[in-house]
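Heads up, the thing below is written out as structure tokens.
The values are calculated or read from the model by the stated rules, or taken from the named source; none is laboratory data. If you're wondering where the values come from, they're calculated on a predicted model, not measured in any experiment. When we count neighbours, we look across all protein chains shown, and the Cβ atoms used for this are built from the backbone with ideal geometry, even at glycine.
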Amino acid sequence: MIEPVGVRRAERRDVAGVAALWAELLEHHAAVDPALRVRAPALARLGAMVMAQLDDPEAGLWVWDEAGRALGFCVARIERAPGALAEAKRATITELAVAPAARRRGIGGALVRAALAWAAERKAARVEVRVAARNADGQRFWRTQGFGDFVDVLDRRL
């Protein structure tokens, strides 16, 4: 019997599981705000996108592994600032998802802590995350993780 592992760096064997979780995340975002819908061809490329994250030296990808199955994942990447800014680099958590049946068990927080530690090891000045203003659950989650307001992005739909 395989014992639960918890958070670990993702591997090639995780591609299908992460892609499936990512598809669920994209569906959730589309339900929150139609402007966040993705085109069908993008969904078909999720596996390749996961592989690209695994191969990118500026990205980190973690999974919550339970009995050999990915129940959550987190993607972060290092971003370099323009030369005019005092802040040389930051990290951005670009994706975070936990399977609906596994939520409220601390998995998301554990994945975030792994990404924060990774960013600190790489000397990032800070970590950003973007969450839709209409995503009440996401807003609440990120704020409980210690994230706060930084820049407001305003839009005007036509």
Does any residue of the range 89-100 turn out to be in contact with an Asp or Glu (Cβ under 9 Å, 6 or more places away or on another chain) and surrounded by fewer than 17 Cβ atoms within 10 Å (Cβ to Cβ)? yes
Counting only residues that are surrounded by fewer than 14 Cβ atoms within 10 Å (Cβ to Cβ) and out of contact with any Lys or Arg (no Cβ under 9 Å at 6 or more places or on another chain), which one in the range 113-131 is nearest to V7 (Cα to Cα)? A117
Name the helices (runs of 4 or more DSSP H) wholly within the range 40-155 that hold at least 3 residues that are within 13 Å of the chain's Cα centre (by Cα) and in contact (Cβ under 8 Å) with a residue 40 or more places away in the chain? 107-121
Looking at R12, R8, can you tell me which residue is surrounded by fewer than 13 Cβ atoms within 10 Å (Cβ to Cβ) and charged (D, E, K, R)? R12
What number of residues in the range 1-39 are assigned to a loop (DSSP other than H, G, I, E, B) and either closer than 30 Å to R156 by Cα or touching a Pro at 6+ places or on another chain (Cβ under 7 Å) (or both)? 4
Of the residues that make up the range 43-57, is at least one exposed (fewer than 13 other Cβ atoms within 10 Å of the Cβ), farther than 18 Å from N135 by Cβ, acidic (D, E) and at pLDDT 90 or above? yes
Select, from L85, L54, L21, L26, the only residue that is of a type in the set (A, V, I, L, M, F, W, C) and in contact with a Lys or Arg (Cβ under 7 Å, 6 or more places away or on another chain). L54
